1. Here is a list of conditions, (1) more than 23 Å from H131 (Cα to Cα); (2) within 16 Å of ligand 1 (Cβ to nearest atom); (3) in contact with a Pro (Cβ under 8 Å, 6 or more places away or on another chain), and A206 meets all of them except one; can you say which number that is?
2. I'm checking my understanding of the structure. Among residues of region 222-244 that are under 18 Å from G187 (Cβ atoms) and of a type in the set (A, V, I, L, M, F, W, C), which one is surrounded by the most Cβ atoms within 10 Å (Cβ to Cβ)?
3. So which residues in region 160-187 are within 15 Å of ligand 1 (Cβ to nearest atom), touching a Phe, Trp or Tyr at 6+ places or on another chain (Cβ under 7 Å) and of a type outside the set (A, V, I, L, M), if there are any at all?
4. Quick check on region 143-159. Is at least one of its residues touching a Phe, Trp or Tyr at 6+ places or on another chain (Cβ under 6 Å), farther than 21 Å from H202 by Cα and modelled with pLDDT of 95 or more?
5. Could you check region 160-188 and list, in sequence order, the residues that are surrounded by fewer than 21 Cβ atoms within 10 Å (Cβ to Cβ), in a loop (DSSP other than H, G, I, E, B), modelled with pLDDT of 95 or more and more than 16 Å from ligand 2 (Cβ to nearest atom)?
6. For region 129-143, give me each residue that is within 14 Å of ligand 2 (Cβ to nearest atom) and outside any loop (DSSP other than H, G, I, E, B).
7. On the basis of being basic (K, R), more than 17 Å from the chain's Cα centre (by Cα) and either surrounded by fewer than 24 Cβ atoms within 10 Å (Cβ to Cβ) or farther than 15 Å from S267 by Cα (or both), does R338 make the cut?
8. Only residues that are within 14 Å of ligand 2 (Cβ to nearest atom) and touching a strand residue (DSSP E or B) at 6+ places or on another chain (Cβ under 9 Å): list them for region 222-250, please.
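The values are calculated or read from the model by the stated rules, or taken from the named source; none is laboratory data. Everything numeric here is computed off the predicted structure, so don't read it as measured data. We place every Cβ from the backbone using ideal geometry, glycine too, and count neighbours over all the protein chains shown.
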Amino acid sequence: MRGVAYACFAATVAFLLCVLAASPLLPQGPLDELIEGEEDMPRPPGDRPRPELPPRPAELDEPGVLLGEGFLAKRSLVQDESLGWITDIRAGELDPAPGPEIGIAGKRGALFLDDGGAVKAKVPFMARAGHVDIIDVEGDGVCEFMNRGGSDGVASLIPHSGRITWIYGGEPGGVMDMAAGDVDGDGRPEFAVGFGGGSGVHLLDADGARLWTRLDGNVWQVGMVDVEGRGHPQILHSNARGRLLVRDAKGDLAIQSDPDVYVGSFSLSTWPVHGDRPLVITAGEKTLWLLTPGGATVATLEAPHCLHWARVWAAPAVLRPDEPSYLAVVATFALWQRSLLYVYEPGGGLVYQETLEGVCQAVAAHRFPGDEADTLLVGGEGQVWAHQP
Ligand SMILES: [Ca+2]
Ligand SMILES: [Ca+2]
């Protein structure tokens, strides 16, 4: 039943947005943004819409701190509308220039900052992408950009120049998500693509050529993680039944689990207080669920106002020099045009909650030079905020 309710709700969202899009009475600018947000919602075809959407809670109307005022000091790190919605923030050797960078990727381009936060370089994308992650295909210290999909039904690999290396899609249902990892251990990454409808999971080689197809319904999200300790990643994905499946390099099922919560979209993040393996993090009702990739519940975290259809991103962060890592989670509610930042102390208690304006799809921890603790970097719409403890 959970699966049916989830699917019905997602279909309602898609249906209502189509109605909105067709209305000549609405202004086009904000509507474009609303539809852009809808790209990130799972959309199963063929389900009948349900009549009601949950209204935005009045407590979320005004952006601001709901819990833990003074715990973090917030400032704007980047404001650049031409980047589009920020979808990934990553530090490392990413750019041909010497020294590490902070890479900030959005739907329309990427920005590289030096270690202190000053702009070093900018790369506009030739075509607007969906959810973009920063990756390094060859491991040569110059990053590429993985367009995971959610826009125009396709995924793509974007070289450092911002042009296009390859595009993949064209199947009924459209691309829901894509993830990269060297699943066969030959030193080059493969790309696993998840489709809506019944088109399943496809594995591509590094050049974007298809290696195999495994059929499944509504593959909402795909990840790459070394589930069984084999020394190279396996393919992890969810499906229409809200299950988690693990596949090997040949596409064969290694694990199929039925977690305690319906898993549609999810993020992967470590949280050192629960070990060094990545956890699956997914949203539930007023709760965030932390699962093993094998589907076992590790922890549940109190998350006021959270709903099942939120998409979440998470990062561990050292916010007190003498304490284990905290966990920062951004949950985004595209239809409400709001996001929530939750911060949990090492024991799992919620210590900070803030309502953010717009759609936020990235959170990272960064240690600025001279600091004794991490600063949280949160990506919004053409904007990155720094939250410093
Ligand atoms: Ca590279
Ligand atoms: Ca490989």
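1. (1) is the only condition that A206 fails.
2. I235
3. G162
4. Scanning region 143-159 turns up no residue that is touching a Phe, Trp or Tyr at 6+ places or on another chain (Cβ under 6 Å), farther than 21 Å from H202 by Cα and modelled with pLDDT of 95 or more.
5. H160, S161, G162, R163, I164, T165, G169 - these are the residues of region 160-188 that are surrounded by fewer than 21 Cβ atoms within 10 Å (Cβ to Cβ), in a loop (DSSP other than H, G, I, E, B), modelled with pLDDT of 95 or more and more than 16 Å from ligand 2 (Cβ to nearest atom).
6. Passing the criteria: only I135.
7. Against the criterion (basic (K, R), more than 17 Å from the chain's Cα centre (by Cα) and either surrounded by fewer than 24 Cβ atoms within 10 Å (Cβ to Cβ) or farther than 15 Å from S267 by Cα (or both)), R338 does not qualify.
8. Residues satisfying the conditions are M224, D226, H232, P233, Q234, I235, D248, A249, K250.
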